[in-house]
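Student: Just dropping this structure here.
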Amino acid sequence: MPLPPPGSGRPRSDWHALGTLLPYLWEFRGRVLLALVFMVAAKGANVAVPLVLKQIIDSLTAERALLAVPAALLVAYGILRLSSTLFTELRELAFAKVTHRAVRRVALAVFRHLHSLSLRFHLERKTGGVSRDIERGARGISTLLGYTLYSILPTLVEISLVIGILIAKYEPAFALIAAGALLAYIGYSVSITEWRTKFRREMNEQDSRANTRAIDSLLNYETVKYFGNEEHEARRYDENLQRYERAAVKSQTSLSALNAGQSAIIAVGVVLIMWRATAGVIAGTMTIGDLVLVNAFLVQLYVPLNFLGVLYREIKQALADMERMFSLLGEHREVEDKPDAPALAAVNPAIRFERVSFAYEPRRTILHDVDFEIGAGRTVAVVGHSGSGKSTLARLLFRFYDVTAGRITVNGVDIRDVGQASLRRAIGIVPQDTVLFNDTIRYNILYGRPEATPDEVIEAARAAHIHDFIVSLPDGYDTMVGERGLKLSGGEKQRVAIARALLKRPQILIFDEATSALDSRAEQAIQAELDRIARGRTTLMIAHRLSTIMAADMILVMEQGRIVERGTHRELLEHGGHYAQMWALQQREAAEREALAA
């Protein structure tokens, strides 16, 4: 069952958070109803135990001291004791699937929603904090659902039954004292807990920040070592730990005040009721069994009442934990499919950028009126200095962002009018900065097309000129690459990325500095393979080394987000403009490297 459509911003209230979970309870309404029946039966049996105990005690009068206690009462007492435990376990058995399924569904919904958000969100996110928010939120859902059915509702049912019996069997003072203590207890617990919630939120905030800093530092381990900044990182981490510590101390101090006040209210209520019961026995209006019954009821009320305060605190903390996770669901999808958007027909795709302008933020425009076409099966290369907007073209074609002005079409269809999934299925990319999953080489290549056969994986690795390297490793294709692929060199990671893209068999190819991490010899070998692969596919090549794009059907030269030159390699050299200057500079640098190597 999908979550209700995410709104904007944080949950409006605790009731809003609870309302978000109701669809999951409704899905398993049969189990929930059965669990409620078992819960009422368990509490009914639990409340009936003191009533039977009263009958047993009253039957042991002086006149009947030599007679056996009625066997039926003893059997009933044992059955009720057993029934209370049995129905409690049946309730938990019936409701267990509801709790775990709800946790799973919400966590999965958040995970999917995060993947549906634009690249802008993921460039700005703090990974450690987000992961901790999801972890705490999922745990909070389990706490909320579990405590509600396992503790809050049973306690309320038990209190209602006990007060009902006191009203029916004894003078009104008993029920008034019990109800008064209950109301005072609940009022005190709610007011103090509401005050304490801000400390829990502060703890969550500092916990997320500390976790973010820790993960960020560990991900940049080598950089920390390069500059000898271990103590600097430790100090930054400890700043958040200190703030967390202060919030935690305030939370614990306020908790002690809450517990003391709750105990005082319960103690006053117990003393008053026992005083009334003792007076009744002395006056002859109550039996010893009645005194035992009232005392047993007091114990049954005292334990859940005391626990009720703990439960309320835990539920408020769970709601505070869930608050951040639900706020992730409220994040706006910057790039969304239109309703009933059709799949992209990507056969022999022709791509056109029609007067495209784009800005990551309003004050800084990246692309200005960019206009070009990549014919079906043709190759267009884009060159230019860093920051000229080359890689932005690939991000827009993937629809990580929507254009600010103009449009991008595939076979004449605006890519904003088709499903994002079908668009991205049609495109294969070898990025400049290759990041691999912390899994095996096989898994990372297979990621291009998970249903591919082992032979197809090997074929893609051979095409990327990495098969021989892989089989030379002790674990071969099952070699773990480490977090972000750090166990492999830059060139090895890039060849894995090339193999992954080849395995996908896309109709559109994007090479974003695809050989930038390779040495000259490896680059020549792979470049020939890339040229062969691109043949017959619509290809966009983003390059820094001009030697890799000489065979392109069209070369675009970009400068500050504008196309300043276009033409073939020969035409641009003859023109003697920016491209010719870049070519001359790179040829001179290559000659100098060869001279030094000799």
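Student: Within the group 257, 279, which residue is of a type outside the set (D, E, K, R), open to solvent by less than 60 Å² (accessible area, probe 1.4 Å), within 41 Å of the chain's Cα centre (by Cα) and modelled with pLDDT of 80 or more? So that I can check it myself, show each step before the final result.
Tutor: Numbers: 279 fails: within 41 Å of the chain's Cα centre (by Cα).
Going through 257, 279 in turn, the sole match is 257.
Student: On the basis of being of a type outside the set (A, V, I, L, M), in contact with a strand residue (DSSP E or B) (Cβ under 9 Å, 6 or more places away or on another chain) and either farther than 19 Å from residue 572 by Cβ or open to solvent by 20 Å² or more (accessible area, probe 1.4 Å) (or both), does residue 386 make the cut?
Tutor: On the way: of a type outside the set (A, V, I, L, M): yes; in contact with a strand residue (DSSP E or B) (Cβ under 9 Å, 6 or more places away or on another chain): no; either farther than 19 Å from residue 572 by Cβ or open to solvent by 20 Å² or more (accessible area, probe 1.4 Å) (or both): yes.
No: the conditions fail for residue 386.
Student: Between residues in segment 246-264 that are more than 15 Å from residue 205 (Cβ to Cβ) and residues that are open to solvent by less than 30 Å² (accessible area, probe 1.4 Å) and hydroxyl-bearing (Ser, Thr, Tyr), which pairs lie under 8 Å by C-beta distance while being six or more apart or on different chains?
Tutor: Going by the 8 Å Cβ cut-off, the qualifying pairs are 258/189; 258/193; 262/185; 262/189.
Student: Report yes if some residue within segment 235-245 is open to solvent by 50 Å² or more (accessible area, probe 1.4 Å) and either farther than 30 Å from residue 220 by Cβ or not in a helix (DSSP H, G or I) (or both); otherwise report no. Let's see the steps before the verdict.
Tutor: Pass one, segment 235-245, residues open to solvent by 50 Å² or more (accessible area, probe 1.4 Å): 235-239, 241-245.
If we keep only those that are either farther than 30 Å from residue 220 by Cβ or not in a helix (DSSP H, G or I) (or both) as well, we get none.
No: zero hits.
Student: Also, I was wondering about something else. Can you pull out the residues in segment 480-508 that are open to solvent by 10 Å² or more (accessible area, probe 1.4 Å), more than 30 Å from residue 377 (Cα to Cα) and in contact with a Lys or Arg (Cβ under 8 Å, 6 or more places away or on another chain)?
Tutor: 480
Student: Could you identify the single residue in 224, 249 that is more than 29 Å from residue 39 (Cα to Cα), open to solvent by 50 Å² or more (accessible area, probe 1.4 Å) and not aromatic (Phe, Trp, Tyr)?
Tutor: Details: 224 fails: open to solvent by 50 Å² or more (accessible area, probe 1.4 Å).
Exactly one residue qualifies, and that residue is 249.
Student: Turning to a different aspect of this structure: Please state which one of 334, 323, 354, 373 is under 34 Å from the mean Cα position of the chain (by Cα) and either in a helix (DSSP H, G or I) or at pLDDT 80 or above (or both).
Tutor: Details: 334 fails: either in a helix (DSSP H, G or I) or at pLDDT 80 or above (or both); 354 fails: under 34 Å from the mean Cα position of the chain (by Cα); 373 fails: under 34 Å from the mean Cα position of the chain (by Cα).
So the residue among 334, 323, 354, 373 that is under 34 Å from the mean Cα position of the chain (by Cα) and either in a helix (DSSP H, G or I) or at pLDDT 80 or above (or both) is 323.
Student: Count, please, the residues in segment 170-199 that happen to be surrounded by fewer than 18 Cβ atoms within 10 Å (Cβ to Cβ), charged (D, E, K, R), in a helix (DSSP H, G or I) and touching a residue at least 12 places away in the same chain (Cβ under 8 Å).
Tutor: The total comes to 1.
Student: Here is a follow-up. Just to be sure, is residue 212 free of Cβ contacts under 8 Å to residues at least 40 places away in the same chain and either among the polar types (S, T, N, Q) or surrounded by 13 or more Cβ atoms within 10 Å (Cβ to Cβ) (or both)? I'd like the intermediate steps shown before the answer.
Tutor: Details: free of Cβ contacts under 8 Å to residues at least 40 places away in the same chain: no; either among the polar types (S, T, N, Q) or surrounded by 13 or more Cβ atoms within 10 Å (Cβ to Cβ) (or both): yes.
No: the conditions fail for residue 212.
Student: Here's a follow-up. For segment 561-577, which residues satisfy the criterion of being open to solvent by 20 Å² or more (accessible area, probe 1.4 Å), farther than 18 Å from residue 375 by Cβ and not in a strand (DSSP E or B)?
Tutor: Taking segment 561-577 first, the residues open to solvent by 20 Å² or more (accessible area, probe 1.4 Å) are 562-564, 566, 568-571, 573-576.
Those left that are additionally farther than 18 Å from residue 375 by Cβ: 562, 564, 570, 573-576.
Selection gives 570, 573, 574, 575, 576.
Student: Against the condition among the β-branched types (Val, Ile, Thr), under 18 Å from residue 192 (Cβ atoms), part of a helix (DSSP H, G or I) and free of Cβ contacts under 8 Å to residues at least 24 places away in the same chain, how does residue 268 come out, does it pass?
Tutor: On the way: among the β-branched types (Val, Ile, Thr): yes; under 18 Å from residue 192 (Cβ atoms): yes; part of a helix (DSSP H, G or I): yes; free of Cβ contacts under 8 Å to residues at least 24 places away in the same chain: no.
Judged against the criteria, residue 268 is not a match.
Student: Give the residues of segment 93-128 that are surrounded by fewer than 20 Cβ atoms within 10 Å (Cβ to Cβ), modelled with pLDDT under 65 and part of a helix (DSSP H, G or I), sorted by residue number.
Tutor: 119, 122, 123, 124, 127
Student: Give the residues of segment 536-560 that are under 16 Å from residue 353 (Cβ atoms) and surrounded by fewer than 22 Cβ atoms within 10 Å (Cβ to Cβ), sorted by residue number.
Tutor: If the condition is that a residue be under 16 Å from residue 353 (Cβ atoms) and surrounded by fewer than 22 Cβ atoms within 10 Å (Cβ to Cβ), then 553, 554 are the ones that fit.
Student: Next up: Starting from segment 485-507, take each residue that is within 20 Å of residue 454 (Cβ to Cβ) and touching a residue at least 40 places away in the same chain (Cβ under 8 Å) and list its partners that are open to solvent by 10 Å² or more (accessible area, probe 1.4 Å) and aromatic (Phe, Trp, Tyr), counting only C-beta distances under 8 angstrom and pairs at least six apart or across chains.
Tutor: Matching pairs, first to second residue: 500/447.
Student: For the condition in contact (Cβ under 8 Å) with a residue 40 or more places away in the chain, open to solvent by 20 Å² or more (accessible area, probe 1.4 Å) and among the β-branched types (Val, Ile, Thr), what is the one hit in 429, 441?
Tutor: The conditions single out 429.
Student: Give the residue that is farthest from residue 301 (Cα to Cα), with candidates limited to residues of segment 181-222 that are among the acidic types (Asp, Glu) and under 18 Å from the mean Cα position of the chain (by Cα). Spell out the reasoning first.
Tutor: Kept after step one, since they are among the acidic types (Asp, Glu), are these residues of segment 181-222: 194, 202, 205, 207, 216, 222.
Adding the requirement that they be under 18 Å from the mean Cα position of the chain (by Cα) leaves 205, 207, 216.
Values: 205: 37, 207: 37, 216: 50 Å.
The qualifying residue farthest from residue 301 (Cα to Cα) is 216.
Student: Which ones in segment 282-292 are open to solvent by less than 70 Å² (accessible area, probe 1.4 Å) and farther than 27 Å from residue 183 by Cβ? Walk me through how you get there before you give the answer.
Tutor: We begin by selecting, within segment 282-292, every residue open to solvent by less than 70 Å² (accessible area, probe 1.4 Å); these are 284, 286-287, 289-292.
Hits for segment 282-292 are 284, 287, 289.
Student: With respect to the numbered conditions (1) aliphatic (A, V, I, L, M); (2) at pLDDT below 85; (3) not in a loop (DSSP other than H, G, I, E, B), which one is the sole condition not fulfilled by residue 346?
Tutor: Among (1) aliphatic (A, V, I, L, M); (2) at pLDDT below 85; (3) not in a loop (DSSP other than H, G, I, E, B), residue 346 violates only (3).
The values are calculated or read from the model by the stated rules, or taken from the named source; none is laboratory data. Being a predicted model, the structure only gives us computed values, none of them experimental. For neighbour counting, all protein chains shown are included, and Cβ atoms are generated from backbone atoms with ideal geometry for every residue, glycine included. Each accessible area value is taken on the protein alone, full model and side chains, heavy atoms only, with ligands, DNA and RNA left out. Shrake-Rupley method; radii C 1.70, N 1.55, O 1.52, S 1.80 Å.
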